[in-house]
Amino acid sequence: MSVTAITVPHLMSAADIGYDQAMGRWEPDARGRLEHAALELYIERGFEQTTVAEIAQRAGLTERTFFRHFTDKREVLFRGAASLQELLVNTIASAPDASAPLDAVSIALDAAGALLQERRESARQRQTVISANPELQERELIKLASLASALAGALRRRGVTEPGASLTAEAGVAVFKIAFERWIAEGDQGDLPQLMRDSLHELRVVTARG
């Protein structure tokens, strides 16, 4: 499963335009070009078989440029995790004061789903790469655990006590994970925000029955 580490769109900044003296020219959107090249190669050749040198060459850049943007080739797949976490945490923080804990999480999931919906194709490519590599799957689980911890912290800052905050956060991450998997499986017909709402509704129904 690959959810927390989905690459989140970013505005181009000075850091995204690098000048490599070895190549002697400007490099507009170097990070985006490296991401695109890496995903292509990971799909074509496999993650383990792809080298940083090959990614840089495919992007028309240098290895030095690659390491200005990423610590290693795994980070091409996971660099968006922090941005996604920030979006979820900030949305929970700004939810109406009267919102129940699960409702605040629901609002945050809706915002994240809308954002990721715009990145459908790259999300599917990432999922294909991660599903084929146990090391990447383990890293994704670590990212999910970190996300749950961050959501619980956001809920505690809203006054939700333990264990309620952690339980709600874990439920939110589970809803996110299951909806994301369905979204990937449904192809072009899937609508991630709606799938998240459907999954959350099912959770409410099941717990109400209990």
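The values are calculated or read from the model by the stated rules, or taken from the named source; none is laboratory data. Bear in mind the structure is a predicted one, so any value in this text is a computation, not a measurement. Counting neighbours? That spans all protein chains shown, and the Cβs are built from the backbone with ideal geometry, glycine included.
Per-structure values
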| item | result |
| --- | --- |
| Unique match (being modelled with pLDDT under 85 and not assigned by TED's automatic domain parsing to the domain that holds Glu170) among Thr51, Thr65, Thr4 | Thr4 |
| Every residue from the stretch 132-181 that is among the charged types (D, E, K, R) and either touching a strand residue (DSSP E or B) at 6+ places or on another chain (Cβ under 8 Å) or more than 27 Å from Glu44 (Cβ to Cβ) (or both) | Arg156, Arg157, Arg158, Glu162, Glu170, Lys177 |
| Every residue from the stretch 44-66 that is of a type in the set (Ser, Thr, Tyr) and over 16 Å from Arg33 (Cβ atoms) | Thr51 |
| So Ile92, is it surrounded by 18 or more Cβ atoms within 10 Å (Cβ to Cβ), over 25 Å from Gly187 (Cβ atoms) and not assigned by TED's automatic domain parsing to the domain that holds Gly46 | yes |
| Sole exception among (1) farther than 17 Å from Phe78 by Cβ; (2) surrounded by 15 or more Cβ atoms within 10 Å (Cβ to Cβ); (3) within 18 Å of the chain's Cα centre (by Cα) for Arg126, by number | (1) |
| Residue check for Ala95: more than 30 Å from Ser166 (Cα to Cα) and either at pLDDT 95 or above or of a type outside the set (A, V, I, L, M, F, W, C) (or both) | no |
| Any chance Ala114 is under 19 Å from Glu86 (Cβ atoms), modelled with pLDDT under 95, assigned to a helix (DSSP H, G or I) and within 18 Å of the chain's Cα centre (by Cα) | yes |
| Those residues of the stretch 130-183 which are polar (S, T, N, Q), touching a residue at least 40 places away in the same chain (Cβ under 8 Å) and either in contact with a Gly (Cβ under 7 Å, 6 or more places away or on another chain) or surrounded by 16 or more Cβ atoms within 10 Å (Cβ to Cβ) (or both), in sequence order | Asn133, Thr168 |
| Search result, residues across the stretch 120-145 that are under 28 Å from Arg204 (Cβ atoms) and in contact with a Ser or Thr (Cβ under 8 Å, 6 or more places away or on another chain) | Ala123, Gln127, Glu140, Lys143, Leu144 |
| Filter result (within 18 Å of the chain's Cα centre (by Cα), of a type in the set (Asp, Glu) and in a helix (DSSP H, G or I)) within the stretch 151-210 | Glu170, Glu181 |
| Selection from the stretch 90-110 of residues that are hydrophobic (A, V, I, L, M, F, W, C) and over 15 Å from Lys177 (Cα atoms) | Ile92, Ala93, Ala95, Ala98, Ala100, Leu102, Ala104, Ile107 |
| Wholly within the stretch 30-102, helices (runs of 4 or more DSSP H) carrying at least 3 residues that are within 30 Å of Leu200 (Cβ to Cβ) | 81-94 |
| Hits in the stretch 107-129 - residues which are within 20 Å of Asp188 (Cα to Cα) and of a type in the set (Val, Ile, Thr) | Thr128, Val129 |
| Leading residue by the ranking (surrounded by the most Cβ atoms within 10 Å (Cβ to Cβ)) among those in the stretch 30-83 that are hydroxyl-bearing (Ser, Thr, Tyr) and out of contact with any helix residue (DSSP H, G or I) (no Cβ under 8 Å at 6 or more places or on another chain) | Ser83 |
